[in-house]
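Trainee: First, the structure itself, so that you have it in front of you.
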Amino acid sequence: TDIRPFCKDLPKAKTAKIVRTIIEMLGKMPNTNERQEQLCCEVIEWCRAEKRTFLRQRVETKLAALYLNDKKYTASLDLLRNVVQEVKKLDDKLLLVEIHILETKTHFMTQNIPRCKASLTSAKTNANAIHCPPLLQADIDLWSGIIAAHERDGQTAYSYFYEAFEGFDLQSDPRALTSFQYMLMAKILIGEPDGVETLTASKAGLKHLGVEIEAMVAVAKAHKNRSLKEFESVLAQYGKQLTDNPIIQGHIAHLNEGLFEQNLLRILEPFCRVELAHVAKLIELPENRVTQKLGEMILDSKLSGTLDQGIGVIIVFDKDAIRSTYGNSLECIKNTSGVIDKLTEKAKLLV
């Protein structure tokens, strides 16, 4: 408020730089998210009064990012929806890329994956039409990898994470560490836990070595050993590093559930009828959790059996032998159809 009269005498470009610098400096201070939002709202009102559209659009984009960090997803999307229409008319492709990336992040956090992918595609399209700054391109690669990993395409995800890591690392951006964590996670997802040790022993890995990387190495080791107990102890030891990031947390939970199911199936393999308490004892987990998981597996057709909770046992059914009669019949009909077609063609030639 105090510098508004002074800003009236300055060129618009100079004013925009001063305002954005003040917001960025405030952003570097801890626990100032609410104050930043308040400042952005005041600047937006001033921009509307002074008809400074260019600055207003950038401050609104910054405010949407603050809303995203504060988990105000609806407010962020509503603000971005209005801004993107205005920016499209001005054809400011660089700002459009930033807006679409923010939309991608917000839609992902709300688990609206189709719109998340659409926003990312729009960001890539606009980025290809301009010279995209390295950090912005690295952010696009990072989110391309996140979406690929969400769809269980670990190999593609790893490629994107590697590109993002190189982009951030060259600019000494702190997001390089996050990208490296995602690279290690992708290696685990594609069933190559040995690759984690190779990456951490590389020059790039040694540069970013810390407790975050140690946590991923421990996860890879537990997953390689197929030890649910070891995996659970890693989660307890490195809980903060593995749960602070919601993306890593989601994949860790998926790996944990997969490992839990594999261990249960291995334990139940020699039995046709077994007490739930005995299964819980063998897997070293609470009986309630084991019972709940077995019920889920039966409902999802991952396990053929039934729970008799009255007497506390699980009855495992033998797998039905799948007869090949139907498949062989269809193959025979298909071959017969092909023979008849060939005979018809030859008959036509004779006529």
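The values are calculated or read from the model by the stated rules, or taken from the named source; none is laboratory data. On a predicted model such as this, the values are computed, not experimentally measured, just so you know. Reconstructed Cβ throughout: ideal geometry from the backbone, glycine too, with neighbour counts over all protein chains shown. Note: accessible area is taken over every heavy atom of the protein model, side chains too, but ligands, DNA and RNA are not part of it. Shrake-Rupley method; radii C 1.70, N 1.55, O 1.52, S 1.80 Å.
Trainee: Just to check I understand the Karplus step: with θ = phi - 60° and J = 6.51 cos²θ - 1.76 cosθ + 1.60, what whole-Hz values come out for region 156-166, glycine and proline as x?
Mentor: 5, 4, 4, 4, 5, 5, 5, 4, 5, 4, 4
Trainee: Among all the lysines, which ones have a C-alpha under 16 Å from Lys51's C-alpha, if same-chain residues fewer than 8 places away are not counted?
Mentor: Partners found: Lys8, Lys12, Lys14.
Trainee: Here's something else I'd like to know. What figure, in Å² to the nearest 10, do you get for the accessible area of Leu343 with a 1.4 Å probe and non-protein molecules left out?
Mentor: In the full protein context, Leu343 sits at about 110 Å².
Trainee: Let me ask something else about it. What is the extension gain from Thr198 to Thr156, computed as 0.36 nm multiplied by their sequence separation minus the C-alpha to C-alpha distance, in nm to one decimal? Write out the running numbers ahead of the final one.
Mentor: Working: separation 42, 0.36 × 42 = 15.12 nm, distance 1.90 nm.
Length difference between fully extended and current span is 13.2 nm.
Trainee: While we're looking at this one, here's another question. Taking the Cα centroid of region 81-109 and of region 152-189, what is the distance between the two, rounded to the nearest whole Å?
Mentor: Here the two parts' Cα centres lie 24 Å apart.
Trainee: Which aspartates and glutamates have a Cα lying under 17 Å from the Cα of Lys89, excluding residues fewer than 8 positions away in the same chain?
Mentor: Correct list for Lys89: Glu60, Glu98.
Trainee: Sticking with this structure for a sec: Excluding Gly154 itself, calculate the net charge of residues whose Cβ lies under 10 Å from the Cβ of Gly154, where each Lys or Arg counts +1 and each Asp or Glu counts -1. Don't skip to the end; give the middle numbers.
Mentor: Working: positive: Arg152, Lys187; negative: Glu151, Asp153, Glu192.
Here the count lands on -1.
Trainee: At q = 0.13 Å⁻¹, what is the log10 ratio I(q)/I(0) for region 265-343, with the Debye formula run over Cα points and no solvent?
Mentor: Relative scattering, expressed as log10 I(q)/I(0), comes to -0.52.
Trainee: Positive end of the dipole of region 168-306, charges at C-beta (+1 Lys, Arg; -1 Asp, Glu), about the Cα centre: which of Gln237, Ser227, His251 has its Cα farthest in that direction?
Mentor: Ser227
Trainee: Moving to a separate point now. Under a point-charge model restricted to the Cβ atoms of Lys and Arg (+1) and Asp and Glu (-1), what is the dipole moment magnitude of region 190-279 relative to its Cα centre, in debye to the nearest 20? Please list the in-between numbers first.
Mentor: Values: 9 positive and 12 negative charges, 30 e Å.
Value, rounded to 20: 140 debye.
Trainee: Answer with a single label: of (1) 1.06; (2) 1.04; (3) 1.14, which was calculated as Rg/Rh (Cα atoms, Kirkwood Rh) from the structure in view?
Mentor: Identified label for the calculated read-out: (3).
Trainee: Cα-based Rg (one decimal) and Dmax (whole number) for region 6-165, in Å?
Mentor: For region 6-165, the Cα radius of gyration and maximum Cα-Cα distance read 16.6, 56 Å.
Trainee: Could you bin all the Cα-Cα distances of region 201-261 into 10 Å bins starting at 0 and give me the percent of pairs in each, rounded to whole numbers?
Mentor: Over region 201-261, the share of Cα pairs per 10 Å bin runs 23, 52, 23, 2 percent.
Trainee: Let me ask something else. Tell me whether region 135-210 comes out rounded, prolate or oblate; compute the Cα gyration tensor, take square roots of the eigenvalues as a ≥ b ≥ c, and use a/c under 1.5 as the rounded threshold. Write out the running numbers ahead of the final one.
Mentor: Details: a/c = 2.41, a/b = 1.05, b/c = 2.29.
Oblate shape, in that a/c is at least 1.5 and b/c is the bigger or equal ratio.
Trainee: Can you tell me the orientation of helix 12-27 relative to the chain, as the angle in degrees between its alpha-carbon axis and the longest Cα principal axis, to the nearest 10?
Mentor: Result, in degrees: 50.
Trainee: Evaluate E = 1/(1 + (r/R0)^6) for Ile267 and Glu331, where r is the Cβ-Cβ distance and R0 equals 35 Å; express this FRET efficiency to the nearest 0.05. List each step's numbers first, then the result.
Mentor: On the way: r = 39 Å, r/R0 = 1.11.
Efficiency at R0 = 35 Å is approximately 0.35.
Trainee: Follow-up. Figure the gain on full extension for Gln249 and Lys28 (residue separation times 0.36 nm, minus the Cα-Cα span) and round it to one decimal in nm. Display every interim value, and only then the final one.
Mentor: Working: separation 221, 0.36 × 221 = 79.56 nm, distance 2.62 nm.
So the extension gain works out to 76.9 nm.
Trainee: Given a 1.4 Å probe, how much area per residue of the chain is accessible, in Å²? Could the numbers behind the result be given before it?
Mentor: Working: 20560 Å² over 351 residues.
Accessible area per residue, the chain: 59 Å².
Trainee: Something else now. Give me the Å³ per residue figure for the convex hull around the C-alpha atoms of region 36-102. The partial results should precede the final answer.
Mentor: Numbers: hull volume 4.9 nm³, N = 67.
With only Cα atoms used, region 36-102 gives 73 Å³ per residue.
Trainee: Please work out how much length the chain gains when fully extended from Thr53 to Arg20, using 0.36 nm per residue of separation minus the C-alpha to C-alpha distance, in nm with one decimal.
Mentor: Between Thr53 and Arg20, full extension yields 10.5 nm more.
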